[in-house]
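Here's the structure, in structure tokens; my notes come after.
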Amino acid sequence: MSIDFFKRLALLSLLVLLQALVLNHIHVFSCATPLLYILIVLQFSTAQPRWSILLWSFTTGLLMDIFSNTPGVAAASMTFIGFIQPSVLRMFLSKEKIEEECSPSLKELGWLKFVSYTFILTFIYSLLFCTLEAFSFFNITIWAESVGGSTVITLLMLIAVEKIRE
Amino acid sequence: MHNLSEFLQKYHHWFIFLLLEVVSMVLLFQFNGYQGSVWFTSANAVSGKVYEANAAVNQFFSLAKVNEQLTQRNVFLEQRIQQLSEQLEKATGDTTIASKPIMAAIAGNRVIPARVISNSIDKQDNFITLDKGAADGIKPDMGVVGGTGIVGIVYQTSRNYSIVIPVLSSHSRISCKIQGRGYFGYLHWDGKSPRHAYVDDIPRHAHFRLYDKIVTSGYSSVFPPGILIGKIIHVYNSPDGLAYRCMVELSTDFGNLRNVCVVDDKIMRERLEVQRAAEDSIKNKKE
């Protein structure tokens, strides 16, 4: 139980509350909902063990499901991006950097790489989330709008958060 | 065996991934049929508490609006009750059905429900403002009655509002009688307690008791007879010693007046007109 664990737990609670009480009620153009809680997955450094990433992302997803009455949807999607996060991060890092502990921040990656990395994970997440959510009620236009809208608004919010933290 | 454990160690995250995905999928597909899964929705205790706290905060900020809506609803319902009890009385012809004897006394007259929007009880000449005016059919000199008794007389009307001179005014003189005994007098107020008024000129030979009820006489054109004003709680001699003076405890609580009715007594007015016409013709004859 390191300090890191508790910091992450605090961030998780904050994100869950923020999402449940504020962000879930935002529907820009009735399609784009910010899914800011994927921040918890985006943050893991190369040193984080994969099982830990998986458990964290599953827990976040499950909590979001509990609060927004979408059982399994966020949990499945979060687990998936938790699974691919280390591979995606490694795509943007040189060999030397992978060896040392490197966290995916704007400072470490630079603008282009950071935005691309964030975009890939956000897009995959939105795609999975909207697809699973629309499982029984499939309308291609609404689905595409939700995926696109949520990706854009979440990406903008993530970049803003990163810029503030810097 | 060694190979197996090595394999598990190397690819353990795959197993965790698959396990978690399976759990998620089970949740996703079993949700509707599986009652126990209520645990994984916002109906569980923790998320329920969070949303409850959130709702409490939201409710607090919308209280003013809710209050306004409730007041509107309340007024609407009170008017509805009044309409229905009137209908009930008309339909059954049995005035004892109505819980309010006051309403029974004014049944048969046109009644205009109104709300008190401003009121005072602490001055020498108090006024009450009602939210109905000439547009609703209110005219000066109509009687105003509350749920528990008499209130006053309409003094002036504008299009949408009207001013009432209540019993609690030095200008108020309402013709009244002791119920069941038939002695008449005038009700007036001494400007002190908003709970008490006085009836003068009850003759010395009159037989009555304490706690007899004072009601409207019906001699003026303002009120139909028999509307409750209050009860006698004290009897004095008049200053000249020729009559009694009764202290009356008013049945209407003027400090807490919300909904009233304006009585439009057409028959009364007709009678008054005939009376005036008769007086005029006598005058003309004399001349």
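With the charge dipole of the protein assembly as shown set up from +1 on Lys and Arg Cβ and -1 on Asp and Glu Cβ about the Cα centre, the Cα lying farthest toward the positive end among the listed residues A:LEU21, A:MET91, B:VAL66 is that of B:VAL66. Calculated FRET efficiency, B:ILE81 to B:LEU19, Cβ-Cβ distance, R0 = 56 Å: about 0.30 to the nearest 0.05. Between B:ARG271 and A:ILE140, the distance separating the two model label sites (each 7 Å from Cα on the Cα→Cβ line) works out to 8.5 nm. Treating r as the C-beta distance of B:TYR219 and B:THR92 and R0 as 41 Å, the FRET efficiency rounds to 0.85. Here chain B is treated with +1 on each Lys and Arg Cβ and -1 on each Asp and Glu Cβ, and its dipole about the Cα centre works out to around 640 debye. Histogrammed with a bin width of 10 Å, the alpha carbon distances of chain A distribute as 10, 40, 37, 11, 1 percent, first bin at zero.
Beyond 30 Å in Cα-Cα separation lie the following of the pairs B:LYS192/B:LYS266; B:LYS177/B:LYS285; A:LYS107/B:LYS10; B:LYS132/B:LYS266: B:LYS192/B:LYS266; B:LYS177/B:LYS285; A:LYS107/B:LYS10. Between A:LEU89, A:LEU55, A:LEU128, the GNM of chain A built on Cα springs shorter than 10 angstrom shows A:LEU55 fluctuating the most. A simple count of charges around B:VAL164, restricted to other residues whose Cβ falls under 15 Å of its Cβ and scoring Lys, Arg +1 and Asp, Glu -1, yields +1. Placing a pseudo-label 7 Å from each Cα along the Cα-to-Cβ vector at A:GLU101 and B:ASP125 gives an inter-label distance of 8.8 nm. Look at where the Cα atoms of segment B:139-188 and of segment B:190-226 average out, and the two centres are 12 Å apart.
Of B:PHE61, B:PHE127, B:PHE29, the residue with the greatest mean-square motion in the GNM of chain B, using alpha carbon springs below 10 Å, is B:PHE29.
For the protein assembly as shown, the equivalent ellipsoid derived from the alpha-carbon gyration tensor has semi-axes of 85, 21, 21 Å in decreasing order.
Per-residue extension of 0.36 nm, minus the Cα-Cα distance of B:ASP240 and B:HIS196, leaves a gain of 13.6 nm for this segment.
Label positions at B:ALA56 and B:LYS283, each projected 7 Å from the Cα along the C-beta direction, are separated by 7.3 nm. 3J(HN,Hα) along segment A:113-130, derived from phi through the Karplus expression 6.51 cos²θ - 1.76 cosθ + 1.60 where θ = phi - 60°, amounts to 5, 5, 5, 5, 4, 5, 4, 4, 5, 4, 5, 4, 5, 4, 4, 5, 4, 5 Hz, with x in place of Gly and Pro. Run the paramagnetic zone check for A:HIS25: 7 angstrom along Cα to Cβ, then residues of segment A:47-82 with backbone nitrogen under 15 Å. A:68, by backbone N distance to the label point.
What number, rounded to the nearest 500 deg cm²/dmol, is the helix-based mean residue ellipticity at 222 nm of chain B, given -39500 (n - 2.57) per DSSP H run of at least four residues and division by all its residues?
-12000 deg cm²/dmol
Candidates B:VAL50, A:ILE40, B:PHE76 compared by Cα position along the dipole of the protein assembly as shown: farthest toward the positive end lies B:PHE76, with charges placed on Cβ.
What stretch of chain A, leaving out the sites themselves, is the longest with no chymotrypsin sites (Phe, Trp or Tyr not before Pro) in a DSSP loop having at most 15 other Cβ atoms within 10 Å?
Value returned for the longest uninterrupted segment is A:30-134.
Taken about its Cα centre, segment A:6-127 carries a charge dipole of about 60 debye when Lys and Arg each add +1 at the Cβ and Asp and Glu each add -1 at the Cβ. Taking each DSSP H run with n ≥ 4 as -39500 (n - 2.57) and averaging over every residue of chain A yields -23500 deg cm²/dmol at 222 nm. Accessible area buried by the pairing of B and A, both sides summed with a 1.4 Å probe, works out to roughly 2100 Å². Within the listed set A:GLY82, A:GLY148, A:GLY110, the Gaussian network model of chain A (springs between alpha-carbon atoms below 10 Å) gives the highest mean-square fluctuation for A:GLY110. Which values of log₁₀ I(q)/I(0), to two decimal places, follow from the Debye formula for segment B:155-281 at q = 0.14 Å⁻¹ with a uniform point scatterer at every Cα? Results for segment B:155-281 at q = 0.14 Å⁻¹ read -0.69. Put a plus charge on the Cβ of each Lys and Arg, a minus charge on the Cβ of each Asp and Glu, and nothing anywhere else: the dipole of the protein assembly as shown about its Cα centre is then about 1140 debye.
Per-residue 3J(HN,Hα) values for segment B:6-11, derived from phi via the Karplus relation 6.51 cos²θ - 1.76 cosθ + 1.60 with θ = phi - 60°, read 5, 4, 5, 5, 6, 10 Hz in sequence order (x marks Gly and Pro).
The values are calculated or read from the model by the stated rules, or taken from the named source; none is laboratory data. Given the structure is predicted, the values throughout are model-derived calculations rather than measurements. Glycine gets a Cβ as well: all are built from the backbone with ideal geometry, and neighbour counts include every protein chain shown. The accessibility values were calculated without ligands, DNA or RNA, using every heavy atom of the protein model including side chains. Shrake-Rupley method; radii C 1.70, N 1.55, O 1.52, S 1.80 Å.
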